[in-house]
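The values are calculated or read from the model by the stated rules, or taken from the named source; none is laboratory data. Since this is a predicted model, take the numbers as computed values, not measurements. Cβ atoms come from the backbone with ideal geometry, glycine included; neighbour counts cover every protein chain shown.
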Amino acid sequence: MSKSVKYFKHFIWTDLEAPTQEELELLTGMFHIDLNLLEDILEQGHLPKIEKVNSYTFIILRAYSANPNANVSSVGELSNKIAFFINETNILTVHRASFHFLKNRSNECHSSEEMMLDLFNEILLSYEGPLQAQSDRMDDFERQIFLQSGHTISIESLYYQKSKARISKKILQLTQGVLNQVVVKPELNSTLQDTKETTLSYVLQYDEVIEDANTILNSYLSVTAQRSNDAMKLLTIFSAFFLPLTFIAGIYGMNFRYMPELEWQSGYFMTLGLMAIISIVIYLWFKRKKII
């Protein structure tokens with residue numbers, strides 16, 4: 001376990017990274033933390049929540065921790081949680097993963113609530129880079145479909161992009177619910193409101209990514225279907241040309257002894273001429289109907 005304790009003018013911040021259950025239980029006596037909350041802290045994939053316990057406010061939020069290029073499809077793979085215990089004189093943060101924004105924090109915060117909101121904002125900012133990367137990826141998919149005939153688009157990659165956007169949106173919507181229940185001093189209401197607006201902005205942007213993913217998938221399927229239709233159209237045109245020609249060749253390819261045309265001196269050339277006329281008529285008909 002990595003433990004960091006920082007003393008501010010009006011409060012103390014204790015940060016615990018990757019503690020074991022035994023180490024957490026030792027801290028419950030010092031901070032008077034309800035033992036039932038340890039299960040929430042240690043549970044993998046726990047979603048954002050807020051709860052008032054004795055003199056503390058207990059909050060769980062999740063920060064984006066996956067590589068933006070990684071293919072993930074679950075909450076635990078995409079993000080890691082940070083648990084907060086907050087009151088007037090103490091703020092305790094517990095997390096398994098290492099977060100750079102939890103280290104080297106300045107001592108300019110004047111209250112535990114101000115520190116809490118500052119950390120909330122950093123958690124939200126962890127979604128900004130991956131969100132921009134996903135938006136750029138959607139643009140790449142569109143270019144591949146419409147400018148490169150969709151030959152290089154990966155359906156698997158599109159699925160994971162949509163999955164990450166859907167999970168991120170779900171986490172941020174639950175974070176919205178937590179922020180709506182947070183109560184701070186009047187002078188910090190503006191900061192809290194900015195945090196809420198940032199969360200809403202990210203939710204809407206992730207909503208756009210999901211909508212773009214659905215649109216791109218439909219466009220890809222349409223382009224693929226169009227290519228299949230073009231191939232079938234080409235095969236149909238070839239069949240229309242060769243079917244009557246094959247029919248004629250089949251008749252005169254039969255081995256009956258008495259076939260009058262077999263004795264014609266110009267029968268071969270007349271048959272070729274008939275085939276040519278049929279081909280020209282079919283071609284002109286296709287042109288008139290704008291099929292070719």
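Residues in segment 114-166 that are in contact with a helix residue (DSSP H, G or I) (Cβ under 7 Å, 6 or more places away or on another chain) and basic (Lys, Arg): 137, 162, 164, 166.
State yes or no: is residue 6 part of a strand (DSSP E or B), of a type in the set (Lys, Arg), over 25 Å from residue 199 (Cβ atoms) and in contact (Cβ under 8 Å) with a residue 12 or more places away in the chain? Against the criterion (part of a strand (DSSP E or B), of a type in the set (Lys, Arg), over 25 Å from residue 199 (Cβ atoms) and in contact (Cβ under 8 Å) with a residue 12 or more places away in the chain), residue 6 qualifies. Filter segment 16-37 down to the residues that are at pLDDT below 75 and polar (S, T, N, Q), then identify the one that is surrounded by the most Cβ atoms within 10 Å (Cβ to Cβ). Once the filter is applied, the top-ranked residue is 28. Residue 240 meets the conditions (1) touching a Ser or Thr at 6+ places or on another chain (Cβ under 7 Å); (2) of a type outside the set (Lys, Arg); (3) surrounded by 14 or more Cβ atoms within 10 Å (Cβ to Cβ) in every case but one. The failed one is (1). If only one of 98, 79, 111, 73 is polar (S, T, N, Q), crowded, with 21+ Cβ neighbours inside 10 Å and out of contact with any Cys (no Cβ under 8 Å at 6 or more places or on another chain), which one is it? So the residue among 98, 79, 111, 73 that is polar (S, T, N, Q), crowded, with 21+ Cβ neighbours inside 10 Å and out of contact with any Cys (no Cβ under 8 Å at 6 or more places or on another chain) is 79. I'd like to check something: does segment 85-93 contain any residue that is in a loop (DSSP other than H, G, I, E, B), without any contact (Cβ under 8 Å) to a residue 12 or more places away in the chain and surrounded by fewer than 16 Cβ atoms within 10 Å (Cβ to Cβ)? No, that holds for no residue. Checking each residue in segment 106-117 for being among the hydrophobic types (A, V, I, L, M, F, W, C) and either at pLDDT 85 or above or in contact with a strand residue (DSSP E or B) (Cβ under 6 Å, 6 or more places away or on another chain) (or both) picks out 115, 116, 117.
Checking the stated criteria, residue 191 turns out to be touching a residue at least 12 places away in the same chain (Cβ under 8 Å), surrounded by 11 or more Cβ atoms within 10 Å (Cβ to Cβ), within 30 Å of residue 172 (Cα to Cα) and not hydrophobic (A, V, I, L, M, F, W, C). Set side by side, the residues 278, 282 differ, and just one is in contact (Cβ under 8 Å) with a residue 40 or more places away in the chain and under 30 Å from residue 235 (Cβ atoms), which is 282.
The sole residue among 103, 49, 9, 3 that is at pLDDT below 85, among the basic types (Lys, Arg) and closer than 21 Å to residue 184 by Cα is 9. Out of 203, 209, 223, I need the residue that is in contact with a Gly (Cβ under 7 Å, 6 or more places away or on another chain) and either of a type in the set (Gly, Ala, Ser) or surrounded by 13 or more Cβ atoms within 10 Å (Cβ to Cβ) (or both). Which one? From the options 203, 209, 223, the qualifying one is 223. Looking across 142, 197, 122, one residue alone is under 22 Å from residue 75 (Cα atoms), of a type in the set (Asp, Glu) and within 26 Å of the chain's Cα centre (by Cα). It is 122. The set of residues from segment 38-59 being surrounded by fewer than 15 Cβ atoms within 10 Å (Cβ to Cβ) and polar (S, T, N, Q) comprises 44, 54, 55.
When you go through 78, 61 one by one, which is the residue that is more than 28 Å from residue 185 (Cα to Cα), modelled with pLDDT of 80 or more, under 27 Å from the mean Cα position of the chain (by Cα) and aliphatic (A, V, I, L, M)? After applying the criteria, what remains is 78.
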